[in-house]
Amino acid sequence: FNRVERCNIHDCYLGLNIYGSNNVIRNNEIHDTYATGLFITGGDDNLVEDNNLENIAIIPGIGEHSWGYMGLRISGLRTIIRGNTLNKIGYIGIALSDNQVCENNLIKNACYILNDGSGIAFDNADGLIIRNNIVLDTIGNIDGVPPTWEGAKPKGKGIYFGNTKLNNVSVLNN
């Protein structure tokens, strides 16, 4: 059990990296990171609420060497992600799995430096609920792509349904 509240985390590689269950991450300012803003893994029953994340992983080539550049990357059963504001995220705003609830979040400018991502993405989910979120301006970035290549177009998505295991997923009123 960890509790992180009312902290200002900035100018670092990774904002928060937490392993375990029953964590409360609330009312924090996380900004100007080189890599993912908040990564929670290896536990269940976490609460991520009312945090502001801005300028997360927006410098090309400095973030993670594998899947990363995300605002919130959270796994675990019965986790609630609620009331967070994310702006200028290098790749995916909120990455989810399992049977979580993601609600009332505002995501702006995801895919700020990368392409083919989304404001909210999920995979390996059973019982996931995504509701009442606002996703804006997730265009995708094609800097560095040869302009004559047929795939040289922005591919940002608001909400992305993964392609591995999806059961009992509800996406409502976004």
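The values are calculated or read from the model by the stated rules, or taken from the named source; none is laboratory data. On a predicted model such as this, the values are computed, not experimentally measured, just so you know. Glycine gets a Cβ as well: all are built from the backbone with ideal geometry, and neighbour counts include every protein chain shown. Ligands, DNA and RNA are stripped out before the accessible areas are found, and what is left, the full protein with its side chains, is counted by its heavy atoms. Shrake-Rupley method; radii C 1.70, N 1.55, O 1.52, S 1.80 Å.
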Residue list for the range 118-138, filter: among the hydrophobic types (A, V, I, L, M, F, W, C) and either part of a strand (DSSP E or B) or touching a residue at least 60 places away in the same chain (Cβ under 8 Å) (or both): I120, A121, F122, A125, I129, I130, I134, V135, L136
Test set (1) open to solvent by 30 Å² or more (accessible area, probe 1.4 Å); (2) under 22 Å from L114 (Cα atoms); (3) of a type in the set (V, I, T) - T36 fails condition number: (1)
Considering residues of the range 70-102 that are in a loop (DSSP other than H, G, I, E, B) and within 21 Å of K155 (Cβ to Cβ) only, the residue farthest from the chain's Cα centre (by Cα): G90
Hits in the range 31-69 (condition: among the charged types (D, E, K, R) and part of a loop (DSSP other than H, G, I, E, B)): D44, D45, D50, E64
Hey, N168 of a type outside the set (A, V, I, L, M), open to solvent by 50 Å² or more (accessible area, probe 1.4 Å), within 25 Å of D50 (Cβ to Cβ) and touching a strand residue (DSSP E or B) at 6+ places or on another chain (Cβ under 7 Å) or not: no
So N141, is it more than 24 Å from G42 (Cβ to Cβ) and assigned to a strand (DSSP E or B): no
Condition met for L114 (within 24 Å of Y160 (Cβ to Cβ), free of Cβ contacts under 8 Å to residues at least 40 places away in the same chain and either surrounded by 20 or more Cβ atoms within 10 Å (Cβ to Cβ) or touching a His at 6+ places or on another chain (Cβ under 8 Å) (or both)): no
Residue in the range 12-26 that is most open to solvent (accessible area, probe 1.4 Å), counting only those that are of a type outside the set (K, R) and over 17 Å from E64 (Cβ atoms): N22
